[in-house]
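To start, the structure itself, in structure tokens.
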Amino acid sequence: MKIENVPYETVDWNKCPETRHLGETGAAVWKTFEKGNVRARVVEYGPGYLADHWCARGHVIYVLEGSVVSELKNGTKEVLTPGMGYVASDDEVNPHRSYTETGAKLFIVD
């Protein structure tokens, strides 16, 4: 990832507006900072959340709270808990999605 056109700036995540995104089941709440070619988010998945799409966008994900399952379209699944995460490039061949039974809070950069 090459970050471009983003001068130094502090982010107060407590002041970022929240947006609600429905999943196939459940919902996610995002607090988003977006500038230049970077989007950074604190995302809270509610209990029972399942993403409504397979995502081919690259991400850096860090689990702050709870537990989330990262699933690749080929059937591979990994359970991620606090302190874990993943890095994935833009990849049309290996799309992924997330779900959680109990809820989770993530930090995501893409």
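Observations on the structure shown:
- Test: residue in region 32-42 that is of a type in the set (Phe, Trp, Tyr) and under 18 Å from His96 (Cβ atoms): no
- Restricting region 21-70 to residues that are basic (Lys, Arg) and in a strand (DSSP E or B), the residue that is least open to solvent (accessible area, probe 1.4 Å) is Arg41.
- Test: residue in region 23-41 that is of a type in the set (A, V, I, L, M) and closer than 13 Å to Val109 by Cα: yes
- If the condition is being assigned to a loop (DSSP other than H, G, I, E, B) and either more than 16 Å from the chain's Cα centre (by Cα) or surrounded by 17 or more Cβ atoms within 10 Å (Cβ to Cβ) (or both), then region 74-87 contributes Asn74, Gly75, Thr76.
- Those residues of region 79-96 which are at pLDDT 95 or above and not aliphatic (A, V, I, L, M), in sequence order: Thr81, Pro82, Gly83, Gly85
- Look at region 42-60: where a residue is free of Cβ contacts under 8 Å to residues at least 24 places away in the same chain, no partner that is surrounded by fewer than 18 Cβ atoms within 10 Å (Cβ to Cβ) sits 6+ places away or on another chain with Cβ atoms under 7 Å.
- Some residue of region 20-35 being of a type outside the set (A, V, I, L, M, F, W, C) and modelled with pLDDT under 95: yes
- If you go through region 36-52 and keep only what is more than 13 Å from the chain's Cα centre (by Cα) and among the aliphatic types (A, V, I, L, M), you end up with just Val38.
- Matching residues, region 88-108, being in a loop (DSSP other than H, G, I, E, B) and surrounded by 18 or more Cβ atoms within 10 Å (Cβ to Cβ): Thr100
The values are calculated or read from the model by the stated rules, or taken from the named source; none is laboratory data. Please read these numbers as outputs of a predicted model, since none were measured by experiment. Ideal geometry is used to build each Cβ from the backbone, glycine not excepted, and the neighbour counts take in all protein chains shown. Only protein heavy atoms, including side chains, enter the accessible area calculation; ligands, DNA and RNA are left aside. Shrake-Rupley method; radii C 1.70, N 1.55, O 1.52, S 1.80 Å.
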